[in-house]
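Heads up: the structure comes next, in structure tokens.
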């Protein structure tokens, strides 16, 4: 665990003649590794950090999905029901320790919100975004980029589709009027 060593990319107890270095191996879960490192330092135990991170993923996923659903006009009770159904999908419970990063999907609703916002679909009319409003989608995109490679890849694919959709809609609207 990252708590016992200086960082996950090196291990002074392994390797010969000096120590083991993982610099040549890609690590796509930087957000989760950093969170586990911080929680491990605070709790003092590697297993407590893993358990706390796993259990914290449930309310984080519920809060983010509920926020996005309410932002896009879903009423209170259906949004709460959908958020709870989203939290308790079987993938969250099946991938506990083998793929802890895959079971921590609390950023996905925020990523979907960014994609819908760029495409101009959802909450109200598409608005012209100032620099302050673009700061939140950029932070969410960086968070997805620091997430697993699968989430990052599919986010980029859907982001390209959303940008294409927004460009086509803008071109069609300006050419019609």
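The values are calculated or read from the model by the stated rules, or taken from the named source; none is laboratory data. From a predicted model like this one, the values you see are computed outputs, not experimental measurements. Cβ coordinates were reconstructed from backbone atoms using ideal geometry, including for glycine residues, and neighbour counts include every protein chain displayed.
Structural remarks
- Residues in the range 1-40 that are surrounded by fewer than 13 Cβ atoms within 10 Å (Cβ to Cβ), outside any loop (DSSP other than H, G, I, E, B) and modelled with pLDDT of 70 or more: 21 alone.
- Hey, residue 74 assigned to a loop (DSSP other than H, G, I, E, B), at negative phi, free of Cβ contacts under 8 Å to residues at least 40 places away in the same chain and surrounded by 12 or more Cβ atoms within 10 Å (Cβ to Cβ) or not: yes
- Where residue 83 falls short, out of the listed (1) modelled with pLDDT of 90 or more; (2) under 23 Å from residue 27 (Cα atoms): (2)
- For residue 53, the stated conditions do not hold, so it cannot be described as in contact (Cβ under 8 Å) with a residue 40 or more places away in the chain, part of a loop (DSSP other than H, G, I, E, B) and within 18 Å of the chain's Cα centre (by Cα).
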